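Engineer: Sharing a structure below in structure tokens format, with a few things to ask.
Derivation of every value follows stated rules applied to the coordinates shown; laboratory data play no part. Bear in mind the structure is a predicted one, so any value in this text is a computation, not a measurement. Here the Cβ positions follow ideal geometry from the backbone for every residue, glycine too, while neighbour counts run over all protein chains shown.
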Amino acid sequence: MTWDWSAVADFMPRFWDGVLVTLQILVLGSLLSFTLGLVWAIALRSGPRFVRWPVGLVTEFIRNTPLLVQLFFLFFVLPEWGVQFSALTTGTIAIGLHYSTYTAQVYRAGIDAVPAGQWEAATALSLPAHRTWTAVILPQAVRRIAPALGNYVIAMLKDTPLLAGISVLEMLQQSRLESAATFQYTEPLTVVGIAFILIAYPASLLVRTLERRLAR
């Protein structure tokens, strides 16, 4: 079997479309997971009991069920209840929601690592709760957890091919469509595999560099 460069050239338009969709999912999914994760973390740590209990139940359920099951539920079940989104929107929500339960644990660890004296100082200065969080606690917590959040972004990237299961046109789905049309599988799948390496490996090096600098 020989490598067919013409098959690679033919795949390039589909490939770049898939790259753009993958990066869109990654950016929006990351923002959603970071935002929701922070909400979950604050609710679990400082919320009243009637908030902590349901939030804990929901996050445990999401964290302990497969992402693919959640994708199928959002895409196939919710429309039966009158709630319907596009495949791309559904996939982005699912991946952001799923990873928010992991980033919540990272946030909680970072918040717990803030010295008790910082909380006491904020109380002594009579800072309102929102100022305590935004000006004192979160800046210190985020500094500690930035590398861990970066690792989850990389994990999110590697999970984007699951969205092909609901026909999101990310890189893997584009390679499948190209292979179905040309009956050539080696070149499209190899290109996609290399693309993931070229995105994920530099990102992992960046996370390691960030971790070393923040540890100083």
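Engineer: Apply the Debye scattering formula to the range 110-173, with a single equal point scatterer on each alpha-carbon and no solvent, then give log10 I(q)/I(0) at q = 0.15 Å⁻¹.
Structural biologist: -0.60
Engineer: Return the Cα extents of the range 59-101 along principal axes one, two and three, sorted largest first, each rounded to a whole Å.
Structural biologist: On the principal axes, the range 59-101 reaches 26, 17, 14 Å in Cα extent.
Engineer: Using Stokes-Einstein with the Kirkwood hydrodynamic radius over Cα pairs, what translational diffusion coefficient do you get for the range 22-71 at 25 °C and a viscosity of 0.890 mPa s, in µm²/s rounded to a whole number?
Structural biologist: It diffuses with D of about 203 µm²/s by this estimate.
Engineer: Could you work out the relative contact order of the range 27-122, using alpha carbon pairs under 8 angstrom and six or more residues apart, expressed as a whole percent? Let's see the in-between values first.
Structural biologist: Details: 82 pairs, mean separation 47.4, N = 96.
RCO, the range 27-122: 49 percent.
Engineer: In nm, give the distance between the simple-model label positions of ASP17 and ALA121, each being 7 Å from the Cα along the Cα-to-Cβ direction.
Structural biologist: 5.5 nm
Engineer: When the Cα atoms of the chain are enclosed in a convex hull and the volume is divided per residue, what value in Å³ results?
Structural biologist: Values: hull volume 31.4 nm³, N = 216.
Looking at the chain, the number lands at 145 Å³ per residue.
Engineer: If I model the range 74-125 as equal point scatterers sitting on the Cα atoms and use the Debye formula, what is log10 I(q)/I(0) at q = 0.19, 0.22, 0.25, 0.30 Å⁻¹?
Structural biologist: Listed by q, the Debye log ratios stand at -0.71, -0.83, -0.92, -1.02.
Engineer: Take peptides 175-183, 160-168, 85-93, 120-128 and line them up by average Cβ neighbours within 10 Å, highest first, as a rough protection proxy.
Structural biologist: Descending packing order for the listed peptides: 160-168, 85-93, 175-183, 120-128.
Engineer: For the range 48-146, go through all pairs of different Cα atoms, get the mean of 1/r, take its inverse, and jot down that Kirkwood value in Å.
Structural biologist: 16.0 Å
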